Amino acid sequence: MKTKFKLIFAIAVLVAVVVLSCEDKVVNLNGIELDHVTATVMVGSTLNLTVLFDPVNATNQNVDWESDNTGVATVADGVVTGVDLGTANIKVVSQEDPMIEAVCEVTVLPSNGQQITVSGDITTDTRWYANARYFISGFVFVKSNATLTIEPGTIIKGISGTKAALIIERGSKIMAQGTSTNPIVFTSDKEKGLRGYGDWGGVVLCGKATTNKHDDGTGVGVAEGGIGSEYGGTDDADNSGIMEYVRIEFPGIPLTSTANSEINGLTLYSVGSGTTLDHIQVSYSGDDSYEWFGGTVNCKYLVALRGWDDDYDTDNGFRGKIQFALGMRDPVSADQSGSNGFESDNDADGSTLTPTTAPVFSNITLYGPYAVITDNINSLFKRAMHIRRSSQLSVYNSVFVGWPKGLILDGTVGNTPTMATNNTLQIEKCILAGMGANFEQVPDASNPVTPFTVAQIQDYFEAVSRGNLDNKTVADIIGANPLSLTAPTLLPVAGNILLTTTPTFTGNADVTFFDKTVSYIGAFGSTDWTTGWCNFDPQNTDY
Ligand SMILES: [Ca+2]
Ligand SMILES: [Ca+2]
Ligand SMILES: [Ca+2]
Ligand SMILES: [Ca+2]
């Protein structure tokens, strides 16, 4: 051969050898992984999953993709698209060896601003996301031991006209932990300026702690207002979850024409002491702002703004401890049942069934209508404290400002006056300021089982050992300016009697739950704990 052809032949041989040797070196696939084992994607958004081959130079890198729940997420060539809320397993399978596969669990989250309507029962663990808007329609029950977790900053609206309410049943939990700058807000679905009392129902927790209610004869009650969930049991340490930095606005709907058949802003049925409740504001409730029926849950940092009926209502054997609570009333809005700061019954019959209603309050400030204006007060406003029907409510280190009446120890039915006389019911280091009258006799003095006259109540309240005061004015407590309901000044000024009176934590207040290091009377010393998370003008807020 000529030299030129020898060269071409040699190159051809070399190429053939190289090709053959490459074909000999097929690299088998040992396994695959995905770059995520779990991932999230929003509805309508996509997520790219990357396959990691072992070895990286495996010859056959062809794969197939599949989703086990295409209603939640679809996948094509590693691109996952969120379809609806839920989870889907996205699987990638080797075409070389179908036994080689990898899976990513994809959780599909709401898109930003997505409107989600919730109705009926929640029976599995569920999360509500802050970037969505939730709408509650009708009674929504969390049941079957499910936990509802709500992210900080989540806004939930009750759909007006549907009797919307969120009910956490026995054994289930709510985990609603907002923050001081990013609270969770339950509110009306109406536009600002159009919201009102009772636009929706409210939040209801049912627990397994003891109550003297016995609808079934064994210490179990049935929640009122048409809810029908059972409450009560034998576990006073029961845990219904956590609510912190939560606002509940425009709730409290009177559901039927029957008395005592309403939903309050926050209703706590036999909620146990394992539950954490602090930094909660109920505003514009169409019934009581807070009502407890039995149970042992302790609470701190509560606000009742412009409630329709009572600020803090206790019944049926409730005996938790409450420290740092505020109430502010709209002088024009009050309830036919008589709007009180505290209203407390052992039960509706004034029976002596146990456990006895015996909550202990400390560091409470309850502003009545006269703290705001001095005339044209709704005549249905009654007392700062109406303790009746065998209740043994105790209150320490608290101030009550500007109510028509200060205190009534009502013996019309039951033995509440006896409980005061024997000092089971304790009121100490409290101030009544600017009352129309400090004390009130039972309505029908000729009829009460255990009469307790104004003079008797006064003797009880003014006993030197109790350290109470009842000769202060509204101005003594808040200064010359009336209380602003939309931008209240809550801290006492230097030298105010609230700051110069030493609190006491003895008797029924000698319990570990209370912060006994406080040096003041009422809900506030030098720190305004409403800052950042409370809203005193929810009527004019865009949600
Ligand atoms: Ca009520
Ligand atoms: Ca009430
Ligand atoms: Ca009540
Ligand atoms: Ca009432």
*Pull up the stretch 366-381, narrow it to residues that are within 28 Å of the chain's Cα centre (by Cα) and within 16 Å of ligand 2 (Cβ to nearest atom), then point me to the one that is surrounded by the fewest Cβ atoms within 10 Å (Cβ to Cβ).*
F381
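Among the residues of the stretch 23-66, which ones are among the charged types (D, E, K, R) and either under 13 Å from V93 (Cα atoms) or over 52 Å from the mean Cα position of the chain (by Cα) (or both)? Walk me through it before giving the result.
Step one: of the stretch 23-66, the residues among the charged types (D, E, K, R) are 23-25, 33, 35, 54, 64, 66.
Answer for the stretch 23-66, where residues must be among the charged types (D, E, K, R) and either under 13 Å from V93 (Cα atoms) or over 52 Å from the mean Cα position of the chain (by Cα) (or both): E23, D24, K25, E33, D64, E66.
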_Hits in the stretch 454-500 - residues which are over 25 Å from Q392 (Cα atoms) and of a type in the set (V, I, T)_ = T473, V474, I477, I478, T486, T489, V493, I497, T500
*If we keep just the residues of the stretch 348-365 that are crowded, with 24+ Cβ neighbours inside 10 Å and within 16 Å of ligand 3 (Cβ to nearest atom), which is farthest from the chain's Cα centre (by Cα)?*
T357
*For E249, work out the one condition from (1) closer than 29 Å to N540 by Cβ; (2) free of Cβ contacts under 8 Å to residues at least 40 places away in the same chain; (3) away from ligand 1 (no atom under 16 Å from the Cβ); (4) not β-branched (V, I, T) it doesn't fulfil.*
(2)
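Any idea which of V399, V413 is surrounded by fewer than 24 Cβ atoms within 10 Å (Cβ to Cβ) and either modelled with pLDDT of 95 or more or more than 28 Å from the chain's Cα centre (by Cα) (or both)? Working first, answer last.
Values: V399 fails: surrounded by fewer than 24 Cβ atoms within 10 Å (Cβ to Cβ).
Just one listed residue meets the conditions, V413.
Output the strands (runs of 3 or more DSSP E) that fall wholly within the stretch 168-269 and possess 1 or more residues being of a type in the set (F, W, Y) and under 26 Å from F135 (Cβ atoms), or say none. Reasoning before the result, please.
Numbers: elements: 173-177, 184-188, 202-206, 241-249.
Correct list: 184-188, 241-249.
Residue by residue through the stretch 305-345, note down the ones that are within 12 Å of ligand 2 (Cβ to nearest atom) and in a strand (DSSP E or B).
First pass over the stretch 305-345, keeping only residues within 12 Å of ligand 2 (Cβ to nearest atom): 307-315, 334-345.
Within the stretch 305-345, Y312, D313, T314, D315, S339, F342, E343, S344 meet the criteria.
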*If you check every pair at least six apart or on different chains, which have Cβ atoms under 9 Å apart with a residue in the stretch 270-285 that is over 24 Å from F250 (Cβ atoms) and buried (at least 24 other Cβ atoms within 10 Å of the Cβ) first and a residue that is of a type in the set (F, W, Y) and at pLDDT 95 or above second?*
S270/Y231; S270/W292; S270/F293; S270/F318
_Tally up the residues in the stretch 516-543 that are over 16 Å from L305 (Cα atoms) and exposed (fewer than 12 other Cβ atoms within 10 Å of the Cβ), please._
5
*Of the numbered conditions (1) surrounded by fewer than 24 Cβ atoms within 10 Å (Cβ to Cβ); (2) within 13 Å of ligand 4 (Cβ to nearest atom); (3) among the β-branched types (V, I, T), V332 fails exactly one; give the number of that condition.*
(2)
*asked:* H279 - would you say it is away from ligand 3 (no atom under 15 Å from the Cβ), over 27 Å from R127 (Cα atoms) and in contact with a strand residue (DSSP E or B) (Cβ under 8 Å, 6 or more places away or on another chain)?
replied: no
*May I ask you to list the residues in the stretch 455-486 that are loosely packed, with under 15 Cβ neighbours inside 10 Å, part of a helix (DSSP H, G or I) and hydrophobic (A, V, I, L, M, F, W, C)?*
A455, V464, A475
*Single match in F342, F324 (criterion: of a type in the set (F, W, Y) and away from ligand 1 (no atom under 16 Å from the Cβ))*: F324
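Identify, please: which residue in the stretch 31-50 is among the aliphatic types (A, V, I, L, M) and in a loop (DSSP other than H, G, I, E, B) and is, among those, farthest from V83 (Cα to Cα)? Break it down into steps so the answer makes sense when it comes.
Going through the stretch 31-50, the residues among the aliphatic types (A, V, I, L, M) turn out to be 32, 34, 37, 39, 41-43, 47, 49.
From the residues that got through so far, the ones that are in a loop (DSSP other than H, G, I, E, B) too are 37, 49.
Numbers: V37: 19, L49: 16 Å.
So, considering only residues that are among the aliphatic types (A, V, I, L, M) and in a loop (DSSP other than H, G, I, E, B), the one farthest from V83 (Cα to Cα) is V37.
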*Quick check: anything in the stretch 278-289 within 15 Å of ligand 1 (Cβ to nearest atom), within 23 Å of E151 (Cβ to Cβ), of a type outside the set (D, E) and assigned to a strand (DSSP E or B)?*
yes
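The values are calculated or read from the model by the stated rules, or taken from the named source; none is laboratory data. As the structure is a prediction and not an experimental result, all values here were calculated from the model. Don't worry about glycine lacking a Cβ; one is built from the backbone with ideal geometry, like all the others, and counts go over all protein chains shown.
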